[in-house]
Each structure stands twice: as C-alpha cells, then as structure tokens.
Amino acid sequence: MKQTINIKVPTEWSAITLRQYLKLLEDLKTYGDTDEGYAAALLHNLCEFPPKYLYGLEANVLSKIKNDIVTFMNKTDLPLQRFINIGGTEYGFEPNLSNIAYGAYLDISKWDTFQIDANWGKIMSVLYRPVVNKAAGLYEIKTYTGYIDDDTFLDVSMDIHFGALFFFVRLLTELPNATLNCLKEVPVLAPHIKSILATNGGTMLHLSNSPAEISAILMKSLNSH
C-alpha cells in the first residue's frame, strides 16, 4: 500500500529559522560523511521530511525538491532589515555603529568568530534591541545593558540573519573607501568595529560561500540516487 506524505518545500530563507539552520549545520557535521546522510539532513531539516522515506521518493519529485531548495539556498546576500518584529515588539538594528556602547563592542568581539553559528543569536541580541523612539526618519533603541537574550532570535527567520551578516560582509569590502551604503546615518566605522571586521573577515567571507557549498553537496547527494 502506498503512503501519501506531504512535503513542505521552502522557497526562500524567510521560511527557515535560525534554530532550523543551526540544527542543519549540526546534522551535516554528524551525518555528512555519506551522500545519503547529506541528503537526509537537508531534507529533514528544511522540509521536515522523515529520512527513512528518502529512498521511496519518485525521481521526478526528488528532482523538483532539489531544484527548489538549491534555488533559494544560493540567495544569501540579502539586505539588512533595520526593523524587525518579534512577538509583537519592534526591534531596531544598532543605528550608530560609529558610537556603539563599549559594553556592546566587548560582547560582540569576545567570540572567536563572527559567523552564523551557536553564538550568532547572542550577537544579534546585541545588534537588535527594542525601539524606544522614532522621529523624522531616525530612531533610538533600548540602551545596551549587557543582557543577552539569544533564545529570542532562534526563531527569527534566516533572511534577517543573513541580512545582518552580509551587512558586515559588505562593510568589510567597502572599508578601503570608507563607504557605507546600508545605513546612511553612520558616516564612518569606529576603530574597534573595523578591528572586528578585519580579524574575522576571512571567516565571514568563507561563510558567505557555505550555502552554495551545501547546495552543491545536495545536488551531488540527490543525483546519486
């Protein structure tokens, strides 16, 4: 008897949360030594598809899923979203990086890497804080107190996370000309922000390729079955 299984295939990063993405990275690290493991991890984490049914998928269905996933996974250079809504509360991205609180700088720089990993939710908790005032196109966010609430950002979608990450990736590439395109109210970067970007630039640029690498692995894995 055939069994009908509904497969939810995401078509954009807004359908994937940080929690799902981190679990995907964890599963790829654990099960990624085989093509079957890669395919099962990707489909399970992104499509909520039970790995035990992988071999039972029809070839044309598998091909369609593969194409849809690969298409959106290659699109990671997303724009910064200055305002996001979490649980009915409006959060704003740090509006003045040139004058960021010293405590915020210390908390961002204390991790060895600046990339989307287990510490990324903590970094986002520093960069995004509740909006307390908006006027004439400007805004103010809650004063940084040192409180880290990374759990709040685990269920925020990856389009927002990639947007924040690539904001800094773009800044890194623009530093020689001291150009800022994403936040016009920030004229220059403070020296300590420059040092963070310079120190972690190699890691960040490597990360920017990781979704494409995962896509290539997915194609290899699915085409082998």
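A short reminder: the numbers here are calculations on the coordinates, not readings from a lab. All of these numbers come straight from a predicted model, not from anything done at the bench. Neighbour counts are summed over all protein chains in view; Cβ atoms, including those assigned to glycine, are modelled from backbone coordinates with ideal geometry.
Structure notes:
- Neighbour-count ranking [beta-carbon atoms within 10 angstrom, fewest first] of TRP120, TRP111: TRP111, TRP120
- Fully extended contour minus Cα-Cα distance, from ASN60 to TYR147, at 0.36 nm per residue: 26.4 nm
- Here each label is just a point 7 Å from Cα along the line to Cβ, and for LYS52 and THR89 those points are 4.1 nm apart.
- Two-site FRET efficiency, ASN133 against SER109, from Cβ-Cβ distance with R₀ of 22 Å, rounded to 0.05: 0.20
- Tensor-based shape of region 52-176 (alpha-carbon gyration tensor, a/c under 1.5 rounded, otherwise prolate or oblate): prolate
- When peptides 72-80, 5-13 are sorted by average Cβ neighbour count within 10 Å, with the highest value leading, the order is 72-80, 5-13.
- Residue pairs, from the table LYS23/LYS110; LYS29/LYS142; LYS23/LYS52; LYS23/LYS66; LYS29/LYS75; LYS64/LYS122, whose Cα atoms sit over 30 Å apart: LYS29/LYS142; LYS64/LYS122
- Residues whose amide H comes within less than 5 Å of that of ILE141, counting only those at least five positions distant or on another chain, are VAL132 (H built at 1.01 Å from N in the peptide plane).
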